[in-house]
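Just below is one structure, and these are the notes that go with it.
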Amino acid sequence: MSRVTLTTEENTSIHALLHHLTSKYSSAEDPDFLREASIYAHELPRRIRSFLNDFKLSERSPGICLISGYSLDDTKLGKTPPHWKDKPALSRALEEEMLLVLYGSLLGDVFGWATEQDGHIVHDVFPIKGNEDKQISTSSEQTIWWHTEDAFHAFSGDYVGMFCLRNWDQVATTFASLADIHLSREHLEVLFEPRYIIRPDISHQQTNEAPAPEQTKGRESLHIAQQRIQHMETNPDKVAVLFGHPESPYLRIDPYFMEYLEEDEVAQQALEALIKLIDEALCDVVLQPGDCCLIDNCRTVHGRQAFKPRYDGTDRWLKRTCVTRDLRKSRRARNASDSRIIF
Ligand SMILES: [Fe+2]
């Protein structure tokens, strides 16, 4: 995995930039901050900008990179919250949320979903009581099976960014890159054909009565968004698992939410061959506080090992966001050209 560790000077420079930003904006989702984020991102150290630019353009294996060494004050964060609905008016991790947005803005534009975590753009990932055995990021005792993020959706992000705030139990994130996998020509050709069904994952299916934060018409738009997800659940389109260049394909895949193709044995066999190879290639990375991991969502799957939750305020806590290279492609599902929320 490509990795860069911030030097003392880079840390100082980043903290100074974040100090300025937190004095100006009180939320990493402030539309004015988001509008300027790609400009502020140019004030990050040149080495980091260069590192992410190379990650974006070279598409080298394994499609995951790590920016380490950001100094983080654990006491400042307070306790790991019990639920993402319990957000304080001013986030105790505002600096880290902003830094995640800035890193993401060097790869594209950060965005969120009306149907996920109350329409927030920066998500909380920590164990929630009652979700232990669910296939959702806020579970704990169940492995999160590897997947590409929001694989069911045509507007899924190009990258997923995860910023680690706390991970006392050294819980591993898992990943595997398609570039390290060698499929037969026969299977490759089948996987490029629209023969597969990926249903919406649980995070988008939760009943979510809270209005989206960005406009007064949120409740009505949210209802439409939920209907769209429901339609994808009941009438899913068939999609290809692989796309792009045949020699260096991209993928969208989420086996846990994919239908078993009883009537298309050839397609099912090709999928199973791919799943087996990804299983064999799966690696662990243990994120440390201050680490930001950026995953190429078109080339690399990710998941998480199971762990025992603490529920005492010291649980593993990540901030997460999605990044698209092309915000415009989802325009029909967003309320304005500069809106970051997909309905
Ligand atoms: Fe995920």
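The values are calculated or read from the model by the stated rules, or taken from the named source; none is laboratory data. Quick caveat, the model's predicted, so the values are computed rather than measured. Cβ: placed from backbone, ideal geometry, glycine included. Neighbour counts: every protein chain shown. Side chains are part of the model used for accessible areas, which takes the heavy atoms of the whole protein and leaves out ligands, DNA and RNA. Shrake-Rupley method; radii C 1.70, N 1.55, O 1.52, S 1.80 Å.
Whole number please: convex hull volume per residue, Cα atoms of the chain, in Å³. Please report the intermediate quantities before stating the final value.
Details: hull volume 43.7 nm³, N = 343.
Per-residue hull volume (Cα only) is 127 Å³.
For ILE64, the residues whose amide H sits under 5 Å from its own are SER2, ASP296, ignoring neighbours fewer than 5 places away on the same chain, with H placed 1.01 Å from N.
Taking a ≥ b ≥ c as the square roots of the Cα gyration tensor eigenvalues, with a/c under 1.5 meaning rounded and otherwise prolate when a/b beats b/c, else oblate, which class fits segment 196-343? Mind dumping the intermediate values first?
Working: a/c = 1.60, a/b = 1.14, b/c = 1.40.
In terms of gyration-tensor shape, oblate.
With a cut-off of 14 Å on the backbone N, the residues of segment 149-184 near the modelled label site 7 Å out from PHE243 along Cα-Cβ are 149-159. In this simple spin-label model, placing a label point 7 Å from the Cα along the Cα-to-Cβ direction at both SER68 and ASP54 gives a separation of 1.6 nm. Charge dipole (Cα centre; +1 on Lys/Arg Cβ, -1 on Asp/Glu Cβ; no other charges) of the chain amounts to roughly 900 debye.
Taking every protein chain into account, the accessible area of the chain amounts to 45 square angstrom per residue (probe 1.4 Å). Protein heavy-atom surface of segment 61-157, 1.4 angstrom probe: 53% of the accessible area is carbon and sulfur, with nucleic acids and ligands not counted.
Dividing the mean sequence gap of close Cα pairs (under 8 Å, 6+ apart) by how many residues segment 212-343 holds gives a relative contact order of 20 percent. Between the alpha-carbon centres of segment 70-119 and segment 255-310 there is a gap of 24 Å. Our summary gives segment 10-153 a relative contact order of 24 percent, counting only alpha carbon pairs under 8 angstrom and 6 or more residues apart. Across the protein chains, with a 1.4 Å probe defining accessible surface, the residues TYR196, TYR260, TYR311 rank TYR260, TYR311, TYR196 from largest area downward. Considering Cα pairs under 8 angstrom that are at least six residues apart, work out the relative contact order of the chain and quote it in whole percent. Once normalised by length, the contact order is 31 percent.
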